[in-house]
């Protein structure tokens with residue numbers, strides 16, 4: 001790494017284990033900082049190391065409580081800027097408000113754009129994130145965005161599963177069809193699409209039909225995040241009814257709200273592979289959820305940015 005501009009990596013309260021793993025892969029100690037929540041609900045952050053002139057990378061996933069994580073990130077960026085950091089890169093493994101990427105109802109906010117404006121106003125120079133809900137969210141930012149994909153990590157894990165029937169990769173909706181085709185290309189598989197509808201804001205999905213054939217195949221449902229598990233479970237049930245022999249899932253962000261792990265444990269899904277962009281206690285996830293670490297990928301992205309080398313090579317599978 002370049003000696004003229006030292007590297008400093010800090011982690012917010014939402015990503016302590018991922019930060020430690022990324023720093024381990026980079027061979028640098030985590031920066032010292034602290035976050036406090038006062039009794040009145042206010043958030044306080046403080047940087048405990050000298051960062052003058054350094055390239056600072058602050059890692060914070062937008063997990064529950066999402067608003068607290070977002071505000072903490074904004075305050076850290078402001079603190080680093082006021083401490084004369086040479087540059088500030090916000091590493092956001094899971095950009096939760098990416099789901100609010102459009103105005104699809106009257107009088108609603110485009111929440112992802114508001115978050116992008118806030119991050120830029122706080123003084124961030126670059127964003128690193130993974131599997132945005134919609135890739136065009138990168139256009140909400142005027143600063144550079146390095147958009148990583150969980151696909152290489154997930155595909156490598158699927159390749160190590162015991163041999164069986166040929167794979168068919170299934171997109172849970174039409175919008176994820178392009179990513180499903182990339183998974184299928186990496187696995188040498190066919191694709192299918194679940195036609196899903198939501199009839200309200202209750203997060204319940206209804207699978208009306210499967211476009212494509214899954215008879216006699218192992219189905220791999222791919223998605224960017226799982227919250228309740230409802231979409232994966234409904235899709236798995238429909239796939240099995242149409243002749244799939246087994247159903248697995250590969251999902252980048254395991255949001256996993258209350259009861260989701262139990263629902264997956266009781267479902268026909270054989271296994272759900274997620275990354276550690278959000279942090280959970282392993283014992284609470286059950287036997288059907290496997291976690292693979294995204295730390296090596298984020299570490300390589302940080303190394304490439306710092307050394308001014310290509311990040312796109314990390315997309316290869």
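Just so it is clear, none of the values below were taken in a lab; they were calculated from the coordinates. Please read all numbers here as calculations on a predicted model, not as lab measurements. Virtual Cβ from ideal backbone geometry, glycine too; neighbours counted across all protein chains shown.
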Query raised in the report: Angle, helix 66-82 long axis vs. longest principal axis of the chain, Cα atoms, 0 to 90°, nearest 10?
Result: 30
**Report entry** C-alpha long axis of helix 16-26 to longest principal axis of the chain, angle in °
**Finding:** 80
Report summary line: Relative contact order of the chain (C-alpha contacts under 8 Å, at least 6 apart) in percent is 15
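To the nearest whole percent, what portion of all C-alpha pairs in the stretch 56-214 is separated by more than 28 angstrom? Don't jump to the answer; show the numbers that get you there.
Details: 4486 of 12561 pairs.
Across the stretch 56-214, Cα pairs with separations above 28 Å total 36 percent.
Kindly state, as a whole number, the per residue volume in cubic angstrom of the convex hull around the alpha carbon atoms of the chain.
Values: hull volume 44.5 nm³, N = 317.
Output value, Cα hull per residue: 140 Å³.
With the convex hull built on the Cα atoms of the stretch 228-278, state its orientation-averaged projected area in nm². Working shown, then result.
Working: hull surface 13.0 nm².
That works out to 3.3 nm², a quarter of the Cα hull's surface.
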Report task. Set the Förster radius R0 to 51 Å, insert the Cβ-Cβ distance between residue 242 and residue 308 as r into 1/(1 + (r/R0)^6), and round the FRET efficiency to 0.05. Result -> 0.55
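Distances longer than 26 Å among the Cα atoms of the stretch 151-292: what percent of all pairs is that? Walk me through the numbers on the way to the answer.
Details: 1449 of 10011 pairs.
The answer is 14 percent, as a whole percent.
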Query raised in the report: Mind listing P(r) for the stretch 1-98? All alpha-carbon pairs, 10 Å bins, whole percents.
Result: 16, 50, 29, 4, 0
Report summary line: Largest fluctuation, 83, 249, 217 only, Gaussian network model of the chain with Cα springs under 10 angstrom, belongs to 83
Report summary line: Tilt, helix 230-241 to longest principal axis of the chain (alpha-carbon atoms), in degrees rounded to tens, equals 20
**Report entry** the stretch 102-147 - convex hull of the alpha-carbon atoms, volume per residue in Å³
**Finding:** 69
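Just to be sure I understand: of the beta bridges DSSP finds with both ends in the chain, what percent are antiparallel, rounded to 5? Mind showing how you got there, number by number?
Details: 12 of 54 bridges.
The answer is about 20 percent antiparallel.
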Query raised in the report: Helix-derived [θ] at 222 nm for the chain: sum -39500 (n - 2.57) over DSSP H runs of at least 4, divide by residue count, nearest 500?
Result: -9000 deg cm²/dmol
Query - Residue with peak Gaussian network fluctuation, the chain [Cα springs, cutoff 10 Å], from 35, 231, 191 - result: 35
